[in-house]
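For reference, the structure is listed below as structure tokens.
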Amino acid sequence: MNFNKIINMDIIDKLTEIFKEFPGIGERQAKRFVYFLMSRNPAYNENLSSLISNLKKEVTQCKECFRFFILNSKKEKLCDICTNINVNSDILMIVEKDSDLESVKKSRVYNGKYFILGGLVPIIEKNTKNRIRIEELKDRINCIVKNTPKKLEIILAFSLSPQGDHTDSYVRTELRDITEKFNITISSLGKGLSTGTELEYSDNDTLKNALKNRQ
Ligand SMILES: [Zn+2]
């Protein structure tokens, strides 16, 4: 019996299981990744594994918008959007994840602040509060309202999917007390996107229209 083969089989299965956890990756793709890595030279794989292990050391999460960003030498706690004085602090866009923020930022059609909710609310879910940053969002809004003399507008920018819709109404309900108290306008971007559209894959024109048609 070839023991090395058994060990190799184990590691293939282990890595396959890890890749299967990546967003949008199924069993077959996961296996293809593993075989791809096997075809590379050792230096390639060592470089990859060192990049992965340094990721958490060199990246931090912004204390205001919860976006991940590269730590600079000053070890700042806020990202370049939250510290940029040219960003319009009267608008707060709430997105599901980092990649959504990055695609809106890249499109240059929006120049306000962001907040990353950290997920969507599944339609059947009892433990919602543990899945998304709803309490952090309330704190953030309270903090903005205290520091901004102008009227605040909130844009909910979730994918136009049943889960996105559900999250939209969940967040609206949770924020009702605050939005009524401070007379905050709240709109949804989803209506300007076509059904099933993922924010992160939207092009500039789609985003521009969605922003214009928000309701
Ligand atoms: Zn930030």
Kirkwood hydrodynamic radius over Cα pairs of segment 111-175, then Stokes diffusion coefficient at 25 °C and 0.890 mPa s, in µm²/s: 192 µm²/s
Against the longest principal axis of the chain, how steep is helix 42-58, in degrees 0 to 90 to the nearest 10, with axes from Cα atoms? 30 degrees
Mind ranking 168, 10 by accessible surface for me, highest first, 1.4 Å probe? 10, 168
Rounded to the nearest 10 degrees, what's the angle between the helix 27-39 long axis and the longest principal axis of the chain, both from Cα atoms, 0 to 90? 60 degrees
Could you list log10 I(q)/I(0) for the chain at q = 0.12 Å⁻¹, which the Debye formula gives when each Cα is one point scatterer? -0.76
Among beta bridges that DSSP assigns inside the chain, antiparallel share in %, nearest 5: 20 percent
Using only Cα atoms and rounding to the nearest 10 degrees, what angle (0 to 90) does helix 134-147 make with the longest principal axis of the chain? 40 degrees
If you place +1 on the Cβ of every Lys and Arg and -1 on the Cβ of every Asp and Glu, how big does the dipole about the Cα centre of segment 33-82 come out, in debye to the nearest 20? 140 debye
Hey, in the GNM for the chain with a 10 angstrom Cα cutoff, which one of 161, 39, 103 fluctuates hardest? 39
Residue of 132, 25, 85 that the Gaussian network model of the chain assigns the largest fluctuation, springs spanning Cα pairs under 10 Å: 25
Report in % the part of the accessible area of the chain that belongs to carbon and sulfur, leaving out ligands and nucleic acids; probe 1.4 Å. 53 percent
For the chain, what does -39500 (n - 2.57) per DSSP helix run (n ≥ 4), summed and divided by total residues, give at 222 nm, in deg cm²/dmol to the nearest 500? -15500 deg cm²/dmol
Return the long-range amide H neighbours of residue 156 (sequence gap of 5 or more, or a different chain), with a cut-off of under 5 Å between placed amide H atoms. 94, 187, 188, 189
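The values are calculated or read from the model by the stated rules, or taken from the named source; none is laboratory data. In this text the structure is predicted, and so the values were computed from the model without any measurement. Counting neighbours? That spans all protein chains shown, and the Cβs are built from the backbone with ideal geometry, glycine included. The protein model used for the area step is the full one, side chains on, heavy atoms only, and it has no ligands, DNA or RNA in it. Shrake-Rupley method; radii C 1.70, N 1.55, O 1.52, S 1.80 Å.
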